[in-house]
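Asks: Take a look at the following structure, please.
Here, each number is a calculation from the coordinates, and none is a lab measurement. Model, not experiment: these values are computed from the prediction. Virtual Cβ from ideal backbone geometry, glycine too; neighbours counted across all protein chains shown.
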Amino acid sequence: MSKDFVGFESIGAGFSEPVADAQMVFRRILDASAHPGRIVTIPADILPDSDAGLSCAATTLALTLLDLDTPVWLDANLPQASDFFRFHCGTPLVDSPCNSRFAFITDLRQLPALTEFDMGTPDFPERSTTLVIEVPDLVDGPGLQLRGPGIRKVSYLRIGGISADFWRQRADIAPLFPLGIDLIFTCGQRLAAIPRTTVVEI
């Protein structure tokens with residue numbers, strides 16, 4: 001899209017090398033998703049001069065995975081991300097969490113109940129919402145215990161800012177599998193994935 005677009009400078013730049021950068025980020029997201037609890041790092045220098053109100057990890061994830069066919073819900077704390085997503089990704093923005101394929105959350109106090117998001121259907125369980133949640137702390141170490149596919153015995157992950165009630169909600173919808181939601185937590189340049197197949201103990 002041309003840089004003559006009104007407001008381009010205020011929107012901010014995307015990838016400097018769109019194909020190579022998106023491929024690199026995709027590989028790292030895939031690595032995180034295949035190994036729940038593994039923290040991967042996104043190089044900050046692939047995203048120059050951008051301010052969508054999101055971390056480097058969340059912004060590069062959006063540039064990599066979102067497109068015209070990916071409805072997105074943004075929390076009320078992200079008004080500046082709307083133009084960025086429309087301009088760089090062409091993604092439609094929706095008003096209701098249940099109509100989204102991706103949801104970006106930065107205000108943990110206003111996080112909707114997990115049942116408000118799309119959990120897919122029996123015929124198309126993959127057509128569910130992936131939550132991309134910004135957190136203040138994301139490190140390896142004592143915290144959550146993760147078990148399931150992609151994990152050898154047990155993985156440990158500490159995620160700041162997420163309440164015990166959040167994990168209780170997730171446990172409540174776990175019996176609906178293969179329906180469910182997938183989670184990606186971001187903090188600065190780091191991200192970690194917890195898919196619906198992962199058992200979480202707090």
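Asks: What fraction of the DSSP beta bridges in the chain is antiparallel, stated in percent and rounded to the nearest 5?
Replies: Restricted to the chain, the bridges split so that about 55 percent are antiparallel.
Asks: Given springs between every Cα pair under 10 Å in a Gaussian network model of the chain, which of GLN80, GLN189, GLN23 has the largest fluctuation?
Replies: Comparing GLN80, GLN189, GLN23 in a Gaussian network model of the chain, the most mobile one is GLN23.
Asks: Taking Cα centroids, how far is the range 56-89 from the range 143-159 in Å?
Replies: 28
Asks: How much length is gained on full extension from GLN169 to ASP137, taking 0.36 nm per residue of separation minus their Cα-Cα distance?
Replies: 9.4 nm
Asks: Here is a follow-up. Using only the Cα atoms of the range 12-201, what are the Rg and Dmax in Å?
Replies: Rg and Dmax of the range 12-201, Cα atoms, are 15.6, 44 Å.
Asks: Which residue, VAL132, VAL94, VAL25, has the most motion in a Gaussian network model of the chain that connects Cα atoms within less than 10 Å?
Replies: So, out of VAL132, VAL94, VAL25, the one fluctuating most is VAL94.
Asks: Another question about this same structure. What list do you get for PHE85, PHE177, PHE117 if you sort them by fewest beta carbons within 10 Å?
Replies: Starting with the residue having the fewest Cβ neighbours, the order is PHE177, PHE117, PHE85.
Asks: Where nothing but the Cβ of Lys and Arg (+1) and of Asp and Glu (-1) is charged, how large is the charge dipole of the chain around its Cα centre, in debye to the nearest 20?
Replies: 860
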